[in-house]
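Structure, as structure tokens:
The values are calculated or read from the model by the stated rules, or taken from the named source; none is laboratory data. Everything quoted here is computed from the prediction, not taken from an experiment. So basically every Cβ, Gly included, is an ideal-geometry build from the backbone, and we count neighbours across all protein chains shown. For the accessible areas, the whole protein counts, side chains as well, though only heavy atoms, and no ligand, DNA or RNA atoms are used. Shrake-Rupley method; radii C 1.70, N 1.55, O 1.52, S 1.80 Å.
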Amino acid sequence: MLPPLSLPSPNLLNKLLVPRRIEYLVLDQNFIIQAISPHAKRFADSPDDVSPGKDVRLSFPELIGAEETLIAVLHEQLAYFELKAIARSSSPDLPLYIDLWIVNHLEENGVKQLVLLIEDVSQRMVLEQSLTQSAYEANLLLSALKMAKQHAEEANRAKSDFLAMMSHEIRTPMNAVIGMTRLLLETNLTVQQRDFVEIIRGSGNTLLTIINDILDFSKIESGKLELEQQPLNLRACIEEVLELLATKAAEKELELAYVIASDTPDIILGDITRLRQILVNLLINAVKFTHTGEVTVSVVARRLAPKHCSSSSKSSPRYAIRFAVKDTGIGIPSDRLNRLFHPFSQVDSSISRNYGGTGLGLAISQRLIEMMGGRIWVNSEVGQGSTFFFSIVAESNQPIANPANFQFAGKRLLILTNNLTRQQNLVLQAQAWAMVTQVAQHSTDALNWLNQEQPFDMAILDTQLSEVDDFSLVTAIRQKPSYRELPLILLTPVDKLEVSQHKLTDDYLIYLSKPIRQFQLYEIFSRIAVDQPLRTILPSPNLTSAYAQLADRLPLRILLVEDHLINQKWHC
């Protein structure tokens with residue numbers, strides 16, 4: 001344990017602020033005292049015997065010391081004599097420290113004298129010693145703090161290494177559990193058995209998510225997480241994340257949409273895995289805490305000024321890209337926003353009980369965003385929802401596409417949807433392909449546009465309209481002779497896609513699940529541009545039967561490299 005740090009007392013410091021007091025002795029050539037200041041006597045060995053006419057060598061033997069010094073100054077062999085801090089030993093408990101100056105003085109009549117100037121510096125010496133001791137103790141304390149900090153950092157690294165190792169060791173058998181349950185679900189099971197296996201698989205996936213969070217957090221804490229810098233398609237990344245959550249959003253009847261500003265580069269350099277992880281964390285929370293309404297993602301970009309470098313540098317343009325994940329959920333109280341980004345912290349203790357989670361997702365996202373050169377913040381109001389913003393800095397060398405080069409440039413597109421975010425996204429995408437768009441928010445508006453004999457080449461219709469169902473809407477459009485072969489793209493929730501596909505059979509109609517993906521639109525528009533009829537998407541084949549015939553259709557020899565025996569088994 002360190003000794004307590006002792007500092008000079010306030011009283012001692014106050015005493016040092018008094019004016020300096022210098023006493024004097026005047027001696028003749030025989031060292032006889034000619035004059036003495038009143039308080040100079042206290043420096044003598046016997047103060048009562050000190051008076052003019054006394055030999056200074058007898059009254060102040062310890063103060064004067066060697067007689068040779070007085071003689072040398074008197075005969076000008078020394079210009080003056082200065083002696084610092086003589087300690088009088090007669091009082092060891094309270095030593096007296098004195099500064100002494102001896103000066104040769106010549107009177108007007110030519111008589112030489114010695115003047116002794118004496119200053120009591122005891123208080124100053126005590127302070128200096130105290131400060132020296134305090135500085136020594138402070139250095140000890142500082143060294144101890146540095147050592148404690150070093151030990152804490154080493155312990156933290158050891159903890160992170162341990163967590164990383166244990167997370168890996170736990171994740172390996174968990175993958176086997178999930179894989180085996182997936183295989184078990186493809187066998188003939190009773191309803192009760194299937195329910196049990198589904199519970200096992202769901203719990204296994206939840207546990208695996210927690211383990212992955214701990215592994216990522218430990219990697220970040222130990223400084224072992226590195227980001228890749230590879231070209232990635234920003235729009236595709238967002239669409240993939242939305243597609244992952246589409247089923248969960250559809251179960252809660254939530255609208256899921258996104259919009260990307262037209263000046264945002266599609267291809268950037270970055271780590272798609274980590275960017276996807278950030279978006280998944282934010283969108284999972286948004287869907288989890290939203291019971292009605294919608295969850296949207298919006299992206300805007302701003303080109304940054306070039307770095308300080310020579311004009312000949314060929315570095316790619318850099319962009320500050322800002323994402324916003326907005327929901328219409330329960331919201332967060334303002335006095336609890338500061339808890340969001342702390343590891344293992346929840347806004348409320350009831351959150352983990354009612355909604356689950358470890359409190360690591362946002363903390364990991366914040367660290368990843370900071371590694372990408374950005375930051376994360378949130379605006380929220382209880383009962384009105386939340387918007388999580390985050391920004392990153394990325395390079396992009398994507399060439400700007402010429403809209404006139406698309407084969408469906410100039411085509412007229414009718415868009416019917418009451419979701420403003422989806423509407424904006426479809427309009428921006430169509431305009432990027434040099435298409436002409438007309439927007440309607442209600443079915444009556446769309447039908448009015450069609451009744452005006454507008455020469456539309458295709459239409460995108462949202463089936464989730466409160467005033468009309470998709471069957472009635474398509475029937476009303478097909479009653480118009482000029483629109484019996486108008487290509488119609490119907491947007492439906494992912495959980496209703498298979499049912500919707502059997503409602504209508506039309507060579508010029510196709511169902512797509514929401515949120516819609518760019519490549520799907522591009523493929524459909526390309527088929528329409530060359531007058532190819534659209535076929536209704538058939539339901540996916542039964543996976544079990546497909547797996548059963550796969551070996552017959554593809555008799556391949558596969559090399560499996562896996563050191564875990566259970567994983568070897570379920571992979572095979």
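Among 233-240, 278-285, the peptide with the highest mean count of other Cβ atoms within 10 Å heads the list, and the full ranking is 278-285, 233-240. Judged by the gyration tensor of its Cα atoms, with axes a ≥ b ≥ c, region 174-258 is oblate; a/c meets the 1.5 cut and b/c is at least as large as a/b.
Around the amide H of V378, modelled in the peptide plane, lie the amide H atoms of F389, all under 5 Å away and 5 or more residues distant in sequence or on another chain. Positive contributions from Lys and Arg (+1) and negative ones from Asp and Glu (-1), summed over other residues with Cβ under 14 Å from the Cβ of L131, come out at -1.
Put a dot 7 Å past the Cα of K252, heading toward its Cβ, do the same for H291, and the two dots end up 1.1 nm apart. Listed by chain and number, the aspartates and glutamates whose alpha-carbon sits under 19 Å from that of K252, ignoring those within fewer than 8 places in the same chain, are E243, E294, D327, D462, D495, E498. Computed with every protein chain present, the accessible area of M147 is close to 110 Å² [probe 1.4 Å].
Label-to-label distance, F519 versus Q29, with points set 7 angstrom from Cα along the beta-carbon direction: 11.6 nm. Label-to-label distance, E108 versus S526, with points set 7 angstrom from Cα along the beta-carbon direction: 11.9 nm.
Given their separation in residues at 0.36 nm each and the Cα-Cα distance between them, R194 and A320 gain 40.5 nm when the chain is fully extended.
When peptides 123-132, 252-261 are ranked by their average number of other Cβ atoms within 10 Å per residue, the highest-first order is 252-261, 123-132.
Each Lys or Arg adds one and each Asp or Glu subtracts one; over the other residues with Cβ under 11 Å from the Cβ of G385, this totals -2.
Of the peptides 375-388, 413-426, how do they stack up when ordered by the mean number of other Cβ atoms within 10 Å, highest first? Display every interim value, and only then the final one.
Values: 375-388: 16.3, 413-426: 21.6.
Per-residue Cβ counts within 10 Å, averaged per peptide and sorted highest first, yield 413-426, 375-388.
Once the chain from D48 to R553 is taken as fully extended at 0.36 nm per residue, the excess over their C-alpha distance is 169.3 nm.
Taking 14 Å as the cut-off, the amide N atoms of region 205-224 that come nearer than this to a point 7 Å along the Cα-to-beta-carbon line of D161 belong to 219, 222-224. On the principal axes of its alpha carbon atoms, region 105-238 extends 132, 37, 19 Å, with the longest extent given first.
So for region 217-279, considering every pair of alpha-carbon atoms, how many percent are separated by more than 12 Å?
Values: 1443 of 1953 pairs.
Percentage above 12 Å: 74.
What shape does region 229-325 take by its C-alpha gyration tensor, where a ≥ b ≥ c are the square roots of the eigenvalues and a/c under 1.5 counts as rounded, a/b above b/c as prolate, and the rest as oblate? Verdict is prolate for region 229-325.
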